[in-house]
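To start, the structure under review is shown below, and the notes come after it.
The values are calculated or read from the model by the stated rules, or taken from the named source; none is laboratory data. Just so we're clear, the structure is a prediction, and the values are computed from it rather than from any experiment. Positions of Cβ are generated from backbone atoms using ideal geometry, with glycine treated the same way; all protein chains shown enter the neighbour counts.
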Ligand SMILES: [Mg+2]
């Protein structure tokens with residue numbers, strides 16, 4: 001199973017171009033999904049640029065340092081043989097901007113973020129774990 005996951009507001013608080021505080025449960029749930037055999041694709045608007053610096057690389061480093069092994073970054077390497085679409089194929093997309101995504105607003109956070117307790121259970125039901 002391919003899980004595409006956003007970064008700002010989903011894994012960390014919205015502090016772009018900086019990296020915000022960790023969203024409660026995000027890393028733990030992503031690790032659980034990996035353990036259950038899912039692969040994680042980072043699907044983010046971040047890009048390394050002259051204007052903001054290496055903000056995509058910083059997000060990738062953050063995830064790797066926290067034990068998340070990325071299968072792809074803004075791409076699903078498995079889809080090249082059947083589509084040239086720039087949208088990475090995913091079985092699931094987790095994004096704070098997705099309609100219907102459960103959100104929480106922890107104290108001190110700039111904006112609401114993904115409610116991983118709720119999302120984790122929804123994904124578990126799909127993964128069968
Ligand atoms: Mg977001």
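How many residues are surrounded by 14 or more Cβ atoms within 10 Å (Cβ to Cβ) and either touching a helix residue (DSSP H, G or I) at 6+ places or on another chain (Cβ under 8 Å) or farther than 30 Å from residue 125 by Cα (or both) if we restrict to region 48-62?
So the answer is 5.
Quick grid of which residues meet (1) in contact with a helix residue (DSSP H, G or I) (Cβ under 7 Å, 6 or more places away or on another chain); (2) touching a residue at least 24 places away in the same chain (Cβ under 8 Å); (3) surrounded by fewer than 18 Cβ atoms within 10 Å (Cβ to Cβ); (4) assigned to a strand (DSSP E or B):
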position: 17; (1), (2), (3), (4): yes, yes, yes, no
position: 20; (1), (2), (3), (4): no, yes, no, no
position: 33; (1), (2), (3), (4): yes, yes, no, no
position: 41; (1), (2), (3), (4): no, yes, no, yes
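Got a sec? Which of 108, 120 is at pLDDT 95 or above, away from the ligand (no atom under 15 Å from the Cβ), more than 23 Å from residue 45 (Cβ to Cβ) and not in a loop (DSSP other than H, G, I, E, B)? Step by step, each of 108, 120 is checked, and only 120 is at pLDDT 95 or above, away from the ligand (no atom under 15 Å from the Cβ), more than 23 Å from residue 45 (Cβ to Cβ) and not in a loop (DSSP other than H, G, I, E, B).
Candidates are the residues of region 1-15 that are touching a strand residue (DSSP E or B) at 6+ places or on another chain (Cβ under 8 Å) and assigned to a strand (DSSP E or B); the one that is farthest from the ligand (Cβ to nearest atom) is 2. Among the residues making up region 27-44, those that are within 25 Å of residue 108 (Cβ to Cβ) and either more than 12 Å from the ligand (Cβ to nearest atom) or at pLDDT below 95 (or both) are 27, 28, 29, 30, 31.
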